[in-house]
Amino acid sequence: MTSLLGQSIVVDNRGGAGGIIGTDLVAKSAPDGYSLVVASSGTLTVLPALQARMPYDPVKDLAPITLLSYVPIVLVVNPGNPAKSVKDFIGAAKSRPGKMTMASAGNGTTNQLAGELFQLETGVKFVHVPYKGAGPALVDLMGGQVDMLFDQLSASSSYIKSGKLRALVVAGDKRNAIIPDVPTMTESGLKNCEAGTFTALAGPAGLSRDIIAKLNAAGNKTLAMPSTRERFAAVGADILGGTPSNLETHMRQELAKWKRVAKAANIRLEN
């Protein structure tokens with residue numbers, strides 16, 4: 001985007017509070033087009049659906065520019081698990097209600113929410129085992145200490161390829177090029193179970209239409225470059241792009257979905 005815009009772009013990594021600090025900084029910046037945020041589903045839809053208090057409203061305080069990428073959630077199990085398909089897995093879970101353990105990267109993470117959505121739509125019941133990060137959860141899953149994990153494909157793809165984990169289903173609307181033999185939820189006869197993480201480019205509310213249009217065009221051209229597509233594909237991420245309205249619609253739909261799941265599963269994070 002630097003070459004397309006003729007402007008230097010400085011990446012300012014602002015960690016903390018799951019990305020809220022950096023996103024809030026942009027939400028409160030002047031709407032001049034010089035302060036932007038590469039935000040994630042966590043800061044735009046997940047945390048706003050779960051936390052009692054947020055320093056910003058993702059819909060009201062941010063100007064959507066473009067969707068960037070999407071990484072689907074994949075249901076992975078230990079290779080020793082007898083289930084060879086998600087239908088086998090659901091059957092086994094229904095025969096042992098409340099006995100199978102579901103690892104996650106922590107309370108309120110996308111891992112947990114994807115698993116809660118799966119339970120809500122299929123009627124199965126798992127025991128949630130939150131870890132301090134996806135790394136320890138993956139280690140215990142490979143070691144057989146827990147039964148399953150709903151994980152980002154980008155995090156577990158290497159273990160799937162090496163045979164240390166078995167992927168049963170992709171929680172997206174299409175198969176992923178990294179694991180093309182693994183079916184989707186839709187192909188498996190499961191509806192409304194799609195879950196994944198997305199990234200997006202946004203600015204503070206009040207950006208002019210001209211600025212948004214210019215940034216959107218530069219973003220989409222950058223996403224269309226072969227080098228960009230190759231880098232994203234290497235980690236199982238699908239390039240999205242599109243219009244600002246596409247991003248706004250996606251945010252509203254994801255917010256509504258995760259609020260529904262949070263209410264049904266009684267998940268609430270205190271600040």
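The values are calculated or read from the model by the stated rules, or taken from the named source; none is laboratory data. Keep in mind that what you see is a predicted model, and the values were worked out from it rather than measured. Here the Cβ positions follow ideal geometry from the backbone for every residue, glycine too, while neighbour counts run over all protein chains shown.
Assess whether D151 counts as being under 24 Å from V235 (Cα atoms), surrounded by fewer than 20 Cβ atoms within 10 Å (Cβ to Cβ), touching a strand residue (DSSP E or B) at 6+ places or on another chain (Cβ under 9 Å) and among the charged types (D, E, K, R).
no
Condition check: under 18 Å from the mean Cα position of the chain (by Cα), in a loop (DSSP other than H, G, I, E, B), in the same structural domain as L113 (by TED's automatic domain parsing) and not acidic (D, E). Does K132 satisfy that?
It is true that K132 is under 18 Å from the mean Cα position of the chain (by Cα), in a loop (DSSP other than H, G, I, E, B), in the same structural domain as L113 (by TED's automatic domain parsing) and not acidic (D, E).
Taking the options V46, V86, V37, name whichever one is closer than 30 Å to G123 by Cβ and touching a strand residue (DSSP E or B) at 6+ places or on another chain (Cβ under 6 Å).
That would be V86, the only listed residue that is closer than 30 Å to G123 by Cβ and touching a strand residue (DSSP E or B) at 6+ places or on another chain (Cβ under 6 Å).
I'd like the full set of residues that are more than 24 Å from G19 (Cβ to Cβ) and of a type in the set (S, T, N, Q), limited to the range 101-129.
Listed by number, the residues that qualify are T101, Q119, T122.
Please pick out the residue among S162, S157 that is touching a Gly at 6+ places or on another chain (Cβ under 7 Å) and over 26 Å from P48 (Cα atoms).
Only one candidate qualifies: S157.
Only strands (runs of 3 or more DSSP E) wholly contained in the range 135-226 count here; list those with 3 or more residues that are closer than 23 Å to L44 by Cβ, out of contact with any helix residue (DSSP H, G or I) (no Cβ under 6 Å at 6 or more places or on another chain) and not assigned by TED's automatic domain parsing to the domain that holds T243. I'd like the intermediate steps shown before the answer.
Numbers: elements: 148-152, 166-170, 196-204.
Those strands (runs of 3 or more DSSP E) do not exist here; none qualify.
Residue-by-condition table, conditions (1) part of a strand (DSSP E or B); (2) crowded, with 21+ Cβ neighbours inside 10 Å:
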residue: P31; (1), (2): no, no
residue: T45; (1), (2): no, yes
residue: M54; (1), (2): no, no
residue: D57; (1), (2): no, no
residue: P64; (1), (2): yes, yes
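Given (1) modelled with pLDDT under 95; (2) small (G, A, S); (3) surrounded by 13 or more Cβ atoms within 10 Å (Cβ to Cβ), identify the lone condition not met by A202.
(1)
Give V46, V74 a once-over and let me know the one that is under 18 Å from Q112 (Cα atoms), at pLDDT 95 or above and either within 21 Å of the chain's Cα centre (by Cα) or among the hydrophobic types (A, V, I, L, M, F, W, C) (or both).
Working: V46 fails: at pLDDT 95 or above.
The match here is V74.
Quickly run through the range 164-193 and pick out the residues that are out of contact with any Lys or Arg (no Cβ under 7 Å at 6 or more places or on another chain), at pLDDT below 95 and small (G, A, S).
If the condition is that a residue be out of contact with any Lys or Arg (no Cβ under 7 Å at 6 or more places or on another chain), at pLDDT below 95 and small (G, A, S), then A171, G172, A177, G189 are the ones that fit.
Kindly evaluate L165 against the criterion of being crowded, with 18+ Cβ neighbours inside 10 Å and touching a Phe, Trp or Tyr at 6+ places or on another chain (Cβ under 6 Å).
Answer is yes for this residue.
Exactly one condition in (1) without any contact (Cβ under 8 Å) to a residue 12 or more places away in the chain; (2) part of a strand (DSSP E or B); (3) not acidic (D, E) is false for A39; which is it?
Only one criterion is unmet by A39, namely (1).
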